[in-house]
1. Looking at the range 88-141, which chymotrypsin sites (Phe, Trp or Tyr not before Pro) are in a loop (DSSP not H, G, I, E or B) and have at most 13 other Cβ atoms within 10 Å?
2. How much mean residue ellipticity at 222 nm does the chain get from its helices, if each DSSP H run of length 4 or more adds -39500 (n - 2.57) and you divide by all residues, to the nearest 500 deg cm²/dmol?
3. Dipole of the chain, Cα-centred, from +1 at each Lys and Arg C-beta and -1 at each Asp and Glu C-beta, to the nearest 20 debye?
4. Evaluate the charge dipole of the range 1-71 about its Cα centre and quote only its size in Debye, nearest 20, assuming +1 on the Cβ of each Lys and Arg and -1 on the Cβ of each Asp and Glu.
5. At 1.4 Å probe size, with every protein chain present, just tell me what the per residue accessible area of the chain comes to in Å².
6. Could you tell me how many degrees, from 0 to 90 and to the nearest 10, lie between the Cα long axis of helix 105-117 and the main elongation axis, the longest principal axis, of the Cα atoms of the chain?
7. Calculate how steeply helix 17-26 sits against the longest principal axis of the alpha-carbon atoms of the chain, using the helix alpha-carbon long axis, and give the answer as 0 to 90 degrees to the nearest 10.
8. Suppose every K and R has +1 on its Cβ and every D and E has -1 on its Cβ; what is the size of the dipole of the range 66-141 about the Cα centre, in Debye to the nearest 20?
Amino acid sequence: MITELQKAKDLMDNEQYGSAINILNKLEDLPLKSENFRLLFLSNCFYNIEEYYLAIDTADKLLQKDHKNEYASQIKYLAYYELKEYNNALNEIIIFLSHNEANLYKVTLEELLIDIKEGFINEEATVYKIQELAFKNNINI
């Protein structure tokens, strides 16, 4: 089964997302770590073929098993953004970073601080929460 995960990853690397999805959907009864990779790969494939709601649902399943998986959270964030569901995108970042440190999200937090500074984000509660999360993660603009 691990070889099947590697085959799917190789297909993803070659942008053959449909073929990767076919392999990933057939995998069952995987150990937890392998199942987490399967869900992450699957959500990434769905995102890349612009099946954003499937990407969100699959990433959410992974986050229920591994709430610290920043890659899954970022896929949800990006999918919501592509769907122009900006409030859901911001909420994803806020919820994730309220319980976890930023790693991949550091650049996103920097960009959000710039958006606040330029007046693109101005709802007081959202501004405060983003600033709080940036401070918590040692990010200043």
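The values are calculated or read from the model by the stated rules, or taken from the named source; none is laboratory data. Computed from a prediction, not measured in an experiment: that's the story for all the values here. Using ideal geometry, Cβ is built from the backbone for each residue, glycine included, and neighbour counts are taken over all protein chains shown. The area values use the complete protein model at the heavy-atom level, side chains included, leaving out ligands, DNA and RNA. Shrake-Rupley method; radii C 1.70, N 1.55, O 1.52, S 1.80 Å.
1. Details: sites: F96, Y105, F120, Y128, F135; in loops: F120.
Answer in residue order: F120.
2. On the way: 8 runs with 106 residues, N = 141.
Mean residue ellipticity at 222 nm (helix-derived): -24000 deg cm²/dmol.
3. Values: 14 positive and 24 negative charges, 77 e Å.
Here the size comes out at about 360 debye.
4. Working: 8 positive and 13 negative charges, 44 e Å.
Using Cβ point charges on Lys, Arg, Asp and Glu, the range 1-71 gives about 220 debye.
5. On the way: 8660 Å² over 141 residues.
Per-residue accessible area for the chain comes out at 61 Å².
6. For 105-117 against the chain, the angle is about 30 degrees.
7. 70 degrees
8. Working: 7 positive and 13 negative charges, 28 e Å.
Charge dipole of the range 66-141: 140 debye, to the nearest 20.
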